[in-house]
């Protein structure tokens, strides 16, 4: 079975911590990121001013933030299936500590 490479082609704000993300296969996902914004990397994105600095990286074709946070485009594409598990793991990132 071939591994399909997913690319984010665009996005727009759709609410607090929520983005409407477009992919190269024409799929559009509306993603509320708040449940996964925990830990050293994603936690700072709870500051709405930092979250709003999201950009589309033209080289890796995914969403990126100035602090180095990003998401695998395949994870974003499959968000409906991945969101609950991702959110559960993310809560543990805050509790883990340094």
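Looking at the structure I just gave you, is residue 85 more than 13 Å from the chain's Cα centre (by Cα) and surrounded by fewer than 12 Cβ atoms within 10 Å (Cβ to Cβ)? Give the derivation first.
Values: more than 13 Å from the chain's Cα centre (by Cα): yes; surrounded by fewer than 12 Cβ atoms within 10 Å (Cβ to Cβ): yes.
In short, yes.
(1) part of a helix (DSSP H, G or I); (2) loosely packed, with under 15 Cβ neighbours inside 10 Å; (3) in contact with a helix residue (DSSP H, G or I) (Cβ under 8 Å, 6 or more places away or on another chain): which one isn't true of residue 91, the others all being true?
(3)
Mind checking whether some residue in region 53-66 is closer than 15 Å to residue 10 by Cβ, modelled with pLDDT under 95 and surrounded by 13 or more Cβ atoms within 10 Å (Cβ to Cβ)? Quick ask: steps written out before the conclusion?
Taking region 53-66 and keeping what is closer than 15 Å to residue 10 by Cβ, we get 54-58, 60-64.
Next, only the ones that are modelled with pLDDT under 95 stay: 58, 60.
Narrowing further to those that are surrounded by 13 or more Cβ atoms within 10 Å (Cβ to Cβ): 60.
Within region 53-66, one or more residues are closer than 15 Å to residue 10 by Cβ, modelled with pLDDT under 95 and surrounded by 13 or more Cβ atoms within 10 Å (Cβ to Cβ).
Can you name every residue in region 31-73 that is in a helix (DSSP H, G or I) and within 15 Å of residue 20 (Cα to Cα)?
Quick first cut of region 31-73, residues in a helix (DSSP H, G or I) only: 34-36, 39-46, 48-51, 73.
34, 51, 73 - these are the residues of region 31-73 that are in a helix (DSSP H, G or I) and within 15 Å of residue 20 (Cα to Cα).
The values are calculated or read from the model by the stated rules, or taken from the named source; none is laboratory data. Please read these numbers as outputs of a predicted model, since none were measured by experiment. Quick reminder, even Gly has a Cβ in these numbers, built from the backbone with ideal geometry, and neighbours come from all protein chains shown.
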